[in-house]
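Below you'll find the structure, written out as C-alpha cells, and then a few comments.
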Amino acid sequence: MGVALLMAVALSLDGLGVGLAYGLRRIRLPLNSLMVIALCTVLAMGTSMLLGSWVTLWLKFIPARSLGALILVALGVFQLARTILNRKQESFPQAVPAIAVVHPKAVLEPVFRVQLHFLGLVIQVLRTPQLADVDGSGGISLRESLLLGSALAMDAFASGIGAAMAGMTLSVIGIVALTQIIMLRLGQKMAGKIPETWTSKADYLPGAVLIMVGLGKLI
C-alpha cells in the first residue's frame, strides 16, 4: 500500500503543476471534467498493466519482478533527464523572430493549426497547461478534459508495464486516479500560496520517486 501510494504521488505531481497553473489563471476545472481525466488515467494505466502482465507470462529466463523494477528506474532516470534538459532550454531561450513581435496573429494562427494535431498538442499541454482550454472559455469542458487527461495519463501508461511486472496489483490504478484528482484540486487551492522556488524544485520529484520505487522493488 505504501509503495503504491508513493508511486501514485510520483505519477500525479504533473497534475499538481496543472492545478497551480489553472488556479493562477482562474481556469475552472469542473467535477465532471475531473472524472474524465481520472478515467483517462484508469484506461491508460489499466491497459499498460495488462500488457505488462501478458509480457510477464512470456518471460522464462529473466525474473519479471526485477525487470519491472528496472523499467521503473529507467523511467525515473528519463524523467529526471527530461527535467534537466527543459531547465537548460528555459535558461537559454531561443531568439524570437521580429515578425512574431510585430505581427503576432500572423504567426500564432499557423502555429495553432499545427498544434491541433492531437499527439503534438498533448505533449504541449504538459509544458503549457492552459493550451487545454482550446476555446479560451476559462474552463475545461468535457471534450477538452480528454486532451488534458491524455496528457496527464502518459506517465501512468509508461509506468504501468513496469508496475505490473514488478508485482503491483491493479488496485494501484484506482489509487493513482484518485491521487490525480486530489493533486489537481490541491494545485488550484494552493495557487499563489506556494513559493516559486518550491514548485521549481518539485519538478525533480516524479523521477526521483520512481527511481526509489524501482530500487525498493529490486531489494
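Within the range 153-165, the presence of a residue that is of a type in the set (S, T, N, Q), in contact (Cβ under 8 Å) with a residue 40 or more places away in the chain and not in a helix (DSSP H, G or I) is excluded. Screening the range 166-190 for residues that are surrounded by 17 or more Cβ atoms within 10 Å (Cβ to Cβ) and not in a helix (DSSP H, G or I) and picking the one that is modelled with the highest pLDDT gives Met168. Cβ-Cβ contacts under 8 Å between residues 6 or more apart (or on different chains), taken from a first residue in the range 169-189 that is under 14 Å from Ala153 (Cβ atoms) to a second residue that is among the polar types (S, T, N, Q), are listed as Ile173/Thr41; Val176/Ser12; Val176/Thr41; Ala177/Thr41; Thr179/Ser12; Gln180/Ser12; Gln180/Thr41; Met183/Ser12.
The condition (being surrounded by 11 or more Cβ atoms within 10 Å (Cβ to Cβ), under 16 Å from Gln180 (Cα atoms), of a type outside the set (Gly, Ala, Ser) and modelled with pLDDT under 75) is satisfied by just one residue among Leu126, Leu148: Leu126. When Ser33 is tested against the conditions (1) small (Gly, Ala, Ser); (2) surrounded by 14 or more Cβ atoms within 10 Å (Cβ to Cβ); (3) out of contact with any strand residue (DSSP E or B) (no Cβ under 9 Å at 6 or more places or on another chain), the lone failure is (3).
On the given criteria, is Ala69 touching a residue at least 24 places away in the same chain (Cβ under 8 Å) and within 19 Å of the chain's Cα centre (by Cα)? Working first, answer last.
Details: touching a residue at least 24 places away in the same chain (Cβ under 8 Å): yes; within 19 Å of the chain's Cα centre (by Cα): no.
No: the conditions fail for Ala69.
Would you confirm whether any residue within the range 22-40 is small (Gly, Ala, Ser), modelled with pLDDT of 85 or more and closer than 17 Å to Phe157 by Cβ? There is at least one residue in the range 22-40 that is small (Gly, Ala, Ser), modelled with pLDDT of 85 or more and closer than 17 Å to Phe157 by Cβ. If the condition is being surrounded by 15 or more Cβ atoms within 10 Å (Cβ to Cβ) and either closer than 16 Å to Leu152 by Cα or basic (Lys, Arg) (or both), then the range 48-64 contributes only Ser48.
The values are calculated or read from the model by the stated rules, or taken from the named source; none is laboratory data. Worth saying up front: this structure is predicted, and the values here are computed from it rather than measured. Note: ideal-geometry Cβ built from the backbone for every residue, glycine included; neighbour counts use all protein chains shown.
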